[in-house]
Amino acid sequence: MSACKPLRVSIVLPTYNERGNIEALLRQLLTLQGRFDLELLVVDDDSTDGTGELVRQLAREHPQLRLIRRIGRSGLASAIKEGLLDATGDVAVVMDSDGQHEPVSVLQAISTLQGEALDLVIGSRFHPEAQIHGLSERRETGSNWANASARFSLPGRYRDLSDYMSGFFALKLDPLLPLIRAVDVNGFKFLYELLAISRGRLRVTEVPLQFQARSYGSSKLDLAIFWDFLISILHSLSLRLLPRRAISFALVGASGVAVQLLTTQLLMALAGLTFGQALPVAVMAAASSNYLINNALTFRFQRLTGLALVKGLLKFLLVASLPVLANVGLASAYYSFVARDTLWAQLAGILVVFVWNYAASSRFVWNTP
């Protein structure tokens with residue numbers, strides 16, 4: 001950039017219920033406007049604690065600040081993607097809004113990005129020079145395990161990186177826009193997905209983070225986040241040929257297999273039912289279990305609650321009724337005419353229903369293509 005035209009830098013800050021942290025962070029970042037042509041984009045997932053209202057008030061005082069309020073859309077990866085696609089900078093920086101990433105790291109990341117002709121600079125919590133003050137022993141262990149798994153599933157060029165799960169990174173916006181547009185927002189971490197689809201073509205390095213403790217609020221890490229990570233790893237190992245949602249649906253279906261087999265055996269052993277009597281009940285129990293788990297994990301961004309959850313279950317059972325009959329019929333026929341083996345009889349029936357349940361329930365229960 002010429003001396004008369006400062007580098008335009010867009011900083012993307014995804015938020016959900018960060019009212020206690022966001023103002024102090026924004027005021028620190030605003031001090032960078034003396035160095036850069038600065039743009040701050042807060043992408044808020046309709047926070048319930050007033051985060052959006054606070055940022056809106058601050059934006060009236062500071063024209064460098066923009067609020068993108070998302071209604072009916074949620075998720076960290078999709079918030080980052082939306083912010084990057086709306087950004088107008090030459091360089092974009094993504095960082096957490098909880099105060100755990102220090103604003104001084106922005107200067108180091110941008111300096112490294114510009115000085116070494118790179119595409120991407122990652123702020124690493126596990127760099128040899130990094131310091132971690134805000135990560136519990138449990139979360140640090142989990143992050144180390146996640147990074148080891150990610151290293152195995154990513155292109156070899158990225159094997160020397162140490163923090164594939166980082167929420168802090170800087171990139172040159174224009175050349176990376178095609179990749180940003182292609183990132184699957186249902187993925188576990190935006191950075192991991194970006195590295196996975198780049199197929200090793202990006203010039204990347206890391207800078208150390210001074211990772212701070214949260215001042216307010218708590219981590220958003222939960223079972224759904226772990227589930228996303230597992231699906232992302234399997235998606236990458238399948239060479240991204242299998243749809244993420246199909247992988248998730250299949251894993252949930254595997255749990256349904258266990259529910260069906262266990263229910264069948266319990267009904268036969270404890271209630272004295274025959275295989276033919278126990279099987280329909282077990283199939284319905286497995287279908288209901290699959291529905292509830294898929295609602296909580298696979299389709300959580302379209303998650304049904306309250307009365308809609310009950311109506312969704314009835315729809316799901318209706319959609320599944322045809323393959324349920326096929327499941328029961330095929331399993332019973334296998335048991336009667338092929339082999340009196342309850343395990344293989346049920347597996348033969350279960351195999352028939354998977355594709356139908358996935359395609360039909362996606363469309364008619366959760367209204368997704």
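Would you mind stating whether Ser232 is more than 23 Å from Asp96 (Cα to Cα), out of contact with any Ser or Thr (no Cβ under 7 Å at 6 or more places or on another chain), polar (S, T, N, Q) and modelled with pLDDT of 75 or more?
Details: more than 23 Å from Asp96 (Cα to Cα): no; out of contact with any Ser or Thr (no Cβ under 7 Å at 6 or more places or on another chain): yes; polar (S, T, N, Q): yes; modelled with pLDDT of 75 or more: yes.
When the stated conditions are applied, Ser232 does not pass them.
Scanning segment 56-93 for residues that are in contact (Cβ under 8 Å) with a residue 40 or more places away in the chain and within 23 Å of Pro6 (Cα to Cα) yields Gly83, Leu84, Leu85, Asp86, Ala87, Thr88, Gly89, Asp90, Val91, Ala92, Val93.
Test Ala79 against the criterion of being touching a Ser or Thr at 6+ places or on another chain (Cβ under 9 Å), buried (at least 20 other Cβ atoms within 10 Å of the Cβ) and among the small types (Gly, Ala, Ser), and give yes or no. If you could, list the steps in order and put the result at the bottom.
Working: touching a Ser or Thr at 6+ places or on another chain (Cβ under 9 Å): yes; buried (at least 20 other Cβ atoms within 10 Å of the Cβ): yes; among the small types (Gly, Ala, Ser): yes.
In short, yes.
Between Ile71, Ile80, Ile22, the distinction of being within 26 Å of the chain's Cα centre (by Cα), over 26 Å from Gln210 (Cβ atoms) and not in a strand (DSSP E or B) belongs to Ile71 only.
Rundown of residues vs (1) surrounded by 13 or more Cβ atoms within 10 Å (Cβ to Cβ); (2) out of contact with any strand residue (DSSP E or B) (no Cβ under 7 Å at 6 or more places or on another chain); (3) among the hydrophobic types (A, V, I, L, M, F, W, C), yes/no style:
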{"site": "Leu267", "(1), (2), (3)": "yes, yes, yes"}
{"site": "Leu270", "(1), (2), (3)": "no, yes, yes"}
{"site": "Leu273", "(1), (2), (3)": "yes, yes, yes"}
{"site": "Leu279", "(1), (2), (3)": "yes, yes, yes"}
{"site": "Ala286", "(1), (2), (3)": "yes, yes, yes"}
{"site": "Asn290", "(1), (2), (3)": "yes, yes, no"}
{"site": "Thr298", "(1), (2), (3)": "yes, yes, no"}
{"site": "Leu309", "(1), (2), (3)": "yes, yes, yes"}
{"site": "Lys315", "(1), (2), (3)": "yes, yes, no"}
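Whenever a residue of segment 6-29 is under 19 Å from Val104 (Cα atoms) and surrounded by 21 or more Cβ atoms within 10 Å (Cβ to Cβ), its partners that are hydrophobic (A, V, I, L, M, F, W, C) and modelled with pLDDT under 90, lying with C-beta atoms within less than 6 angstrom and at least six residues away or across chains, give the pairs Pro14/Leu76. All conditions in (1) over 30 Å from Asp184 (Cβ atoms); (2) assigned to a helix (DSSP H, G or I) hold for Pro63, with the sole exception of (2). Does any residue of segment 245-257 turn out to be over 30 Å from Leu195 (Cβ atoms) and modelled with pLDDT of 90 or more? So far as segment 245-257 goes, no, none of its residues is over 30 Å from Leu195 (Cβ atoms) and modelled with pLDDT of 90 or more.
Considering segment 12-46 alone, what residues qualify as being touching a strand residue (DSSP E or B) at 6+ places or on another chain (Cβ under 6 Å) and either of a type in the set (Gly, Ala, Ser) or outside the structural domain of Ala77 (by TED's automatic domain parsing) (or both)? Matches in segment 12-46: none. Scanning segment 131-140 turns up one or more residues that are at pLDDT below 85 and under 23 Å from Leu297 (Cα atoms).
Could you check how many residues of segment 47-60 are assigned to a helix (DSSP H, G or I) and touching a strand residue (DSSP E or B) at 6+ places or on another chain (Cβ under 8 Å)? Explain how you work it out, then say what you get.
Here is the first cut: in segment 47-60, the residues assigned to a helix (DSSP H, G or I) are 51-60.
Okay, now just the ones that are also touching a strand residue (DSSP E or B) at 6+ places or on another chain (Cβ under 8 Å), so 51-52, 55-56, 58-59.
Residues that pass the stated criteria total 6.
Which of the residues spanning segment 165-208 are in a loop (DSSP other than H, G, I, E, B) and within 14 Å of Val94 (Cβ to Cβ)? Selection gives Met165, Ser166, Gly167, Phe168, Val183, Val185, Lys189.
The values are calculated or read from the model by the stated rules, or taken from the named source; none is laboratory data. It should be emphasised that the depicted structure is a prediction, and the values quoted were computed from it without experimental measurement. Neighbour counts run over all protein chains shown; Cβ positions are idealised from the backbone, glycine included.
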